[in-house]
Amino acid sequence: MGENPVFSIWYRTGEVIEEKLENTSGKEMFWLITVFGIISMMDIASSINMGDKFSLAEILILSVIIGPLVGALNWGIYSLIVHGTSRLLGGAGTWRETRTTVAWATVIYSAKFLLWIPLLFLFGHELFLEETMALTNNLFLTVLFYLFSLFEFILQIVFIIVLSKGLAVAHRFSAWRGFGAQAILFAVNVFVILLRLFAG
C-alpha cells in the first residue's frame, strides 16, 4: 500500500488494518500512542480546569511530558475492554491484534490536534479555566466554541466507526459486532462530550 496509513485509514479502514495487523513497527506504535496521549491530556486538562492552577505554558509542557503515559494507559484500557467484549461476541482476534487495531484507530482521535491549534489561538488559557470571560462576553467566540465542539463530536463518531471496522477485521466478524463491542466506550464518550458542550 503506497498511501500513508494515517490518511488512508479514514476511507480504507479495513485494508489499512488488515495490513497493519501484520506490519506495524514499534516506532509506529510509539508515535500513535504518544500523540494520542498528548491530545488526551489536553482534553483532560480542559475538562478539569487545570488553568485555574497552572499557566498555559505549564499545561502544554505537562501534556507533552505526562501525555504519553496517559495515552498508554487509555490505550491499554480501551484495548482490554473491547478485546473482552469482542471475544464475548464471538470474535477470534488475539490480544495483540486488538491492541494494534485500537492503536491505529487513535489516529482519528488524534486529529483533534487540528482543532486544538485554532482553539489555542482564539481562546488560549481560557480553554482551561472554569470561568471563561471571552465566551461569556463575546457571542462570536461563543458560536465558534460550540462549532468546534460539534466538530469534536463528529470526530468521536468517526473514531467509533473506524474502530468498529477495524475490530471487524481483527476479530473476523461484522462491523456491527465491532460497534457492539465498544458500546460502553461509545456511551461514555458521548456523555463526556455532551457534558462539556452544555456545561460550557
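Please treat every number below as a calculation from the coordinates, not as lab data. Computed from a predicted model, the values in this text were never measured in an experiment. In this analysis, Cβ positions are derived from the backbone assuming ideal geometry, glycine residues included, and neighbour counts consider all displayed protein chains.
A few comments on the model shown:
- A full extension of the chain between residue 150 and residue 194 corresponds to an added length of 14.9 nm, given 0.36 nm per residue minus the alpha carbon distance.
- The magnitude of the dipole of the range 5-199, with charges of +1 and -1 set on the Cβ of Lys/Arg and Asp/Glu and taken from the Cα centre, is near 620 debye.
- FRET efficiency for the pair residue 88 and residue 56, taken as 1/(1 + (r/R0)^6) with r the Cβ-Cβ distance and R0 = 30 Å, rounds to 0.10.
- Between 67, 195, 82, the Cα set farthest toward the positive side of the dipole of the range 5-199 (charges on each charged residue's Cβ, about the Cα centre) is that of 82.
- Hydrodynamic radius of the range 128-200 per Kirkwood, over alpha carbon pairs, in Å: 14.0 Å
- Using a Förster distance of 41 Å, the FRET efficiency for residue 139-residue 11 (Cβ separation, nearest 0.05): 0.65
- Computed over the chain, the ratio Rg/Rh where both radii use C-alpha atoms and Rh is Kirkwood: 1.00
- Estimated [θ] at 222 nm from DSSP helical runs (n ≥ 4, -39500 (n - 2.57)) normalised by residues in the chain, nearest 500: -25500 deg cm²/dmol
- Here the extension length gained between residue 172 and residue 44 equals 42.7 nm, from 0.36 nm per residue of separation less the Cα-Cα distance.
- Helix 183-199 and the longest principal axis of the Cα set of the chain meet at an angle near 10°.
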